[in-house]
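Computed from the coordinates by the stated procedures, all read-outs in this text should not be read as laboratory data. Keep in mind that what you see is a predicted model, and the values were worked out from it rather than measured. Neighbour counts run over all protein chains shown; Cβ positions are idealised from the backbone, glycine included.
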Amino acid sequence: MNNQVRSLILLLAVVLPCSVAAAVEWGKPLGAVYDGPEGKPRPVTPSPTELSADERSTITVFERATKSVVFIANTAIQQDIWSLNVMEVPQGSGSGFVWSKQGHIVTNFHVIYGADAIKVTLADRSEHQAKLVGADPDHDLAVLQVQVPDGHVEPLAIGSSHDLRVGQKVLAIGNPFGLDHSLTTGVVSALGRTIKSMSNRTIEGVIQTDAAINPGNSGGPLLDGAGRLIGVNTQIVSPSGAYAGIGFAVPVDTVNRIVPELIKHGKLIRPGLGVSLVPDAMAKRWGIKGIIIGKVTRGGAADRAGLKGARETMTGQIQLGDIIVAVAGRSVATVDDLMDVMEEHKVGEQVSVEVLRGNRREKIAVILQAVN
């Protein structure tokens, strides 16, 4: 670099304003005297004249459905060992939704499990003590009730789940991490999934979705694009316990069958054969393929139909009776299989029970009875 160029650079450094020098220094404020565009609010880009049709639809569904979504707090009653004062200790929280104008609320069983007191917060932020009306742990469903004036709550519209299609738009509303009335959207990712309930029973026909479901969403509604209930958000698959793209909902067809039973009877009245069954592990240990009838209830459905249970011989040995291998034309290998078939039938309905009796197969007609 010659002396003339060096002199020119030094001259420019001296005569350039400080504000310009500051503007080109990385990571430093521009200075009080700087008057360039970066030191002023950005101009506002005009908003579109209209929202898209999809956005309008989502907003409409959310604003209508949130009137029916509730926050549920599960508390236990404990006594302080020093003061002997009784206090309510939070055990968890979740979501639910209004089922009827009489104040019935549907949620997951695991949301209210072990609760001594249940508090429901409605969409208008009013708080109410709720009573447990009925529960079905096998399907992770429970019904609560709050006392509210007529017209104070709005039930959700009920849809169907048997005609859902993969790719269909869905919306989930709930209270994740205590943040009330959060909306997430996604699609039906898969149909016909199976999950395990708290009672270790299999829940069939479950909806899989990628709509974000987090802790606190449990018990909240899964809606279709028209705002109809199509499922109850129940579980997620996640190593961390937070959203990982896979959530499950109990299908509304199952919910719509069970909830009325819980409201009427406090429990699900199931159809059954009137037998006690040998555990699957025992049958497997003995190398038997099928469900072993342990005992036939005297006067019950199986007894009237002529099914035979196991019995103890004079020498103390166990002599097997009938082994169930199919019901209503469907093969069954485990107790879970049998209970799944029973869910498709009603008390008083006649079904064909195929059994192994000795070395031969027989089909026996049984009229199903009510069982607990």
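Tabulated results
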item: Gained length - residue 113 relative to residue 64, 0.36 nm times residue gap less alpha-carbon distance; result: 14.7 nm
item: Within straight-line cross-link reach of residue 308, lysines at Cα separation under 24 Å, skipping those fewer than 8 residues along the same chain; result: 284, 289, 295, 346, 363
item: Label-to-label distance, nm, for residues given as residue 349 and residue 256 (7 Å Cα→Cβ offset); result: 1.6 nm
item: Under-5 Å amide H pairs with residue 218, H placed in peptide plane, nonlocal only; result: 95
item: Cα shape, segment 144-286, gyration tensor, a/c 1.5 rule; result: oblate
item: Residue with peak Gaussian network fluctuation, the chain [Cα springs, cutoff 10 Å], from 356, 144, 171; result: 356
item: Segment 271-371, Cα convex hull volume normalised per residue, Å³; result: 96 Å³
item: 11 Å beta-carbon shell around residue 226, net charge (K/R +1, D/E -1); result: +2
item: Approximate shape of the chain as ellipsoid semi-axes (Cα gyration tensor, √5λ), whole Å, largest first; result: 61, 27, 22
item: Among 220, 151, 294 - extreme Cα towards positive end, dipole of the chain, charges at beta-carbon; result: 294
item: The chain - mean residue ellipticity at 222 nm from DSSP helices (-39,500 (n - 2.57) per run, n ≥ 4, rounded to 500); result: -5000 deg cm²/dmol
item: Rounded Å value of the spacing that divides the Cα centres of segment 316-372 and segment 294-311; result: 11 Å
item: Relative contact order computed over the chain (Cα-Cα under 8 Å; 6+ residues apart), in percent; result: 11 percent
